[in-house]
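A.B. asks: Pasting in a structure now, in structure tokens, and then I'll have a few things to ask.
The values are calculated or read from the model by the stated rules, or taken from the named source; none is laboratory data. Values in this document were obtained by computation on a predicted structure and should not be read as measured data. Virtual Cβ from ideal backbone geometry, glycine too; neighbours counted across all protein chains shown.
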């Protein structure tokens, strides 16, 4: 098995002293370094060993034990440094710089709610919903006037008529109504009976009049009864449609709220900031290593040039390489500085169903036709399904029978019971009647 370059370099002094070895130590190092440098990555330890090997070459040449013509070998080493070592170091630094720049750009990749442009979309959806509620309110006002206010007027009128009937349907107090008036003409009892008959006939007619009016009013249906059944169902149809437009509006609002909130922006930015800080820390570590590798490569180049010098000048050239300060600007990175603080944020996309959402979007809706309390998955577990209220006879189906023409003859009769109740009392003349303290007999 062929020894690694590190093992070979470690055992180099042994090979230098082995007189039986058929190749010179310089030839051996040439072969080993040429083969290994094509495969190795420019790590610090490897570069140090290469540098040490170059110094051994310089000492061997100074001692006269090394090869005298190193031009071809040194050209090969220089080519490997340019094409491999330098390229690898620069490639790693370029990638590190790209990572730094990318991490910096990534700080601005979090979507800030105030940078989005979905508010006009919400405004348009809200406008459709608001206009629908306004139309719904108009329909309610029409229903209220036709079916609530006018019904109340109708019921008040019926009640007033029947209350009048109740007020007159009271039998007179005999103490006041059955007293003979002072100064009654003679024959006194006959005139009294005639007056009583007239009084009770008038009372009967009054009660009968208001009784008929009450029965007629009670039996007369509300004129808009069928119309109101239709109107209330049309109103509920409109309400269901408006609930649907509210659902569309709140679904979009809910989607935006799930994706664009100040909290989500803050969490995203904190994560990107941590990534950036870690990339900067790693980049600084890599930069230190890259600078050390670059200085080692530059020293090796210096040693290569030193070995090209005449033998009498090699030692001075080597010492000059050792004392030289090598620039590392080629592998230095450009930093953007500390990550800026997170931007201030104002909530734009609110959660449907919340008080602030309702006060922001629904404050201007008509009081009689407010928005539903919730119409999206943001504030309810199941699906939003607007429908008719429980007990509503909707959708509307007309109950009006076909119109026919008939002639009806109505005969009004007074029952015997009613006649007995409201007829003047019959007085017999077989007994005595007391009027105002006097007793009269037939």
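A.B. asks: Just to be sure before I move on: is residue 238 touching a helix residue (DSSP H, G or I) at 6+ places or on another chain (Cβ under 9 Å) and buried (at least 18 other Cβ atoms within 10 Å of the Cβ) in the structure I sent?
C.D. replies: It is true that residue 238 is touching a helix residue (DSSP H, G or I) at 6+ places or on another chain (Cβ under 9 Å) and buried (at least 18 other Cβ atoms within 10 Å of the Cβ).
A.B. asks: Restricting attention to the stretch 360-369, which residues are surrounded by fewer than 16 Cβ atoms within 10 Å (Cβ to Cβ), in a loop (DSSP other than H, G, I, E, B) and without any contact (Cβ under 8 Å) to a residue 40 or more places away in the chain?
C.D. replies: 363, 367 - these are the residues of the stretch 360-369 that are surrounded by fewer than 16 Cβ atoms within 10 Å (Cβ to Cβ), in a loop (DSSP other than H, G, I, E, B) and without any contact (Cβ under 8 Å) to a residue 40 or more places away in the chain.
A.B. asks: Shifting gears a bit: So if I check each of 393, 339, which one is modelled with pLDDT of 95 or more and in a loop (DSSP other than H, G, I, E, B)?
C.D. replies: So the residue among 393, 339 that is modelled with pLDDT of 95 or more and in a loop (DSSP other than H, G, I, E, B) is 339.
A.B. asks: Is it true that residue 320 is assigned to a helix (DSSP H, G or I) and out of contact with any helix residue (DSSP H, G or I) (no Cβ under 8 Å at 6 or more places or on another chain)?
C.D. replies: no
A.B. asks: May I pose another question? Assigned to a helix (DSSP H, G or I), in the same structural domain as residue 58 (by TED's automatic domain parsing), closer than 30 Å to residue 291 by Cβ and without any contact (Cβ under 8 Å) to a residue 40 or more places away in the chain: does that describe residue 72?
C.D. replies: Considered against the rule, which asks whether it is assigned to a helix (DSSP H, G or I), in the same structural domain as residue 58 (by TED's automatic domain parsing), closer than 30 Å to residue 291 by Cβ and without any contact (Cβ under 8 Å) to a residue 40 or more places away in the chain, residue 72 comes out as no.
A.B. asks: Among the residues of the stretch 218-245, how many are without any contact (Cβ under 8 Å) to a residue 60 or more places away in the chain and under 26 Å from residue 129 (Cα atoms)?
C.D. replies: Total satisfying the criteria: 0.
A.B. asks: Out of all the residues in the stretch 162-172, is one or more in contact with a helix residue (DSSP H, G or I) (Cβ under 6 Å, 6 or more places away or on another chain), assigned to a loop (DSSP other than H, G, I, E, B) and surrounded by 12 or more Cβ atoms within 10 Å (Cβ to Cβ)?
C.D. replies: So far as the stretch 162-172 goes, yes, one or more of its residues are in contact with a helix residue (DSSP H, G or I) (Cβ under 6 Å, 6 or more places away or on another chain), assigned to a loop (DSSP other than H, G, I, E, B) and surrounded by 12 or more Cβ atoms within 10 Å (Cβ to Cβ).
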